[in-house]
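Data block below; observations after.
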Amino acid sequence: MFSLTPVLVAVVGVLIVWIFKNADRSVERRKVELRARSEARPWADEDLEDSTALHQEEEVADADKAQESEENVEHVPFSHTRYPEKDMVKRSREFYELLNQRRSVRFLSKEPVPMEVIDNVIRTAGTAPSGAHTEPWTFVVVKDPDTKHRIREIIEEEEEINYLKRMGQRWVTDLKKLRTNWIKEYLDTAPVLILIFKQVHGFAANGKRKVHYYNEISVSIACGMLLAALQNAGLVTVTTTPLNCGPRLRALLSRPANEKLLMLLPVGYPSAEATVPDLRRKPLDQIMVTV
């Protein structure tokens, strides 16, 4: 009995060493995975990542109670305009040609734009489809020069860090052909800034959380429709996604915590000296597959 004790001690010792080594490997492997993930997705905004799935079960439970009154919605006849095939082809071609002229313009005039036009293009964006018709978007229109300049200061401060540290050399190199950097003069010169926030959840009449299904996809669709509406109205913009600026801009604009900044659009007329890169779009056979 006692003669086996040294053997048992040795076995236990080996097991302990093995356990610690595997624990160390597991921790190291986790560090490598996290590092690889951050390097693979340097554009992942911490503010946008932090909330969509949080409290999901709680939200669903609240929704079951809060949204019972919304189950019965009246349905009405659908009104639809059907065009002759020849007109359909013509209209689709003309709309493509209009949208094909859209470019990202970083040189904007200070000339003011009609606010009725801004109202209408945002109304257009608000017609976008959304998960369970939750309409999870907030469009903040900024015209005040001081507020625009404060927005510029916040974004340039973060963007300098992005270019020098967060984005990585490959991304910075890919942007060189566009001649863009962390200096965003258009945030001051554009007569209007439109900041688009996604609402990760809403609130029911009783104050309980209301689930906003597919909120980011829904708001992204609305952004696309807004870009088309701006092009249709003869205005220009450049899509900007201010990486890691969301919390500070949300505080500056007094937006609630359930709203996360998804996109910022400086809107106006192109300046007289505006230039754009001479880029080409992929042909149809490279973007469309018919089965």
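The values are calculated or read from the model by the stated rules, or taken from the named source; none is laboratory data. The structure presented is a predicted model; accordingly, all values stated were derived computationally and were not measured. Here Cβ is always computed from backbone atoms with ideal geometry, including for glycine, and neighbour counts include all displayed protein chains. These area figures cover heavy atoms from the full protein model, side chains too; ligands, DNA and RNA do not enter into them. Shrake-Rupley method; radii C 1.70, N 1.55, O 1.52, S 1.80 Å.
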Residue hits (the range 115-133; over 13 Å from L195 (Cβ atoms), modelled with pLDDT of 95 or more and open to solvent by 20 Å² or more (accessible area, probe 1.4 Å)) are M115, E116, V117, D119, N120, R123, T124, G126, T127, P129, S130
Selection from the range 86-102 of residues part of a helix (DSSP H, G or I) and either at positive phi or touching a helix residue (DSSP H, G or I) at 6+ places or on another chain (Cβ under 8 Å) (or both) yields L98, L99
Of the residues in the range 66-91 that are surrounded by 11 or more Cβ atoms within 10 Å (Cβ to Cβ) and under 21 Å from H212 (Cβ atoms), the one that is modelled with the lowest pLDDT is A66
Of the residues in the range 192-213, those that are over 15 Å from E259 (Cβ atoms) and at pLDDT 95 or above number 2
Checked the range 117-161 for anything among the hydroxyl-bearing types (S, T, Y) and in a loop (DSSP other than H, G, I, E, B); matches are T127, S130, T134
Discussion item. Criterion first (at pLDDT 90 or above, within 20 Å of the chain's Cα centre (by Cα) and more than 23 Å from P247 (Cβ to Cβ)) does T180 satisfy it?
Written reply: no
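Yes or no: R170 over 20 Å from A274 (Cβ atoms), surrounded by fewer than 19 Cβ atoms within 10 Å (Cβ to Cβ) and at pLDDT 95 or above? Quick ask: steps written out before the conclusion?
Numbers: over 20 Å from A274 (Cβ atoms): yes; surrounded by fewer than 19 Cβ atoms within 10 Å (Cβ to Cβ): yes; at pLDDT 95 or above: no.
Considered against the rule, which asks whether it is over 20 Å from A274 (Cβ atoms), surrounded by fewer than 19 Cβ atoms within 10 Å (Cβ to Cβ) and at pLDDT 95 or above, R170 comes out as no.
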Among I155, I151, the single one that is at pLDDT below 95, surrounded by 11 or more Cβ atoms within 10 Å (Cβ to Cβ), more than 18 Å from G202 (Cβ to Cβ) and among the aliphatic types (A, V, I, L, M) is I155
For V236, the lone unmet condition from (1) under 17 Å from the mean Cα position of the chain (by Cα); (2) farther than 14 Å from K260 by Cβ; (3) not basic (K, R) is (1)
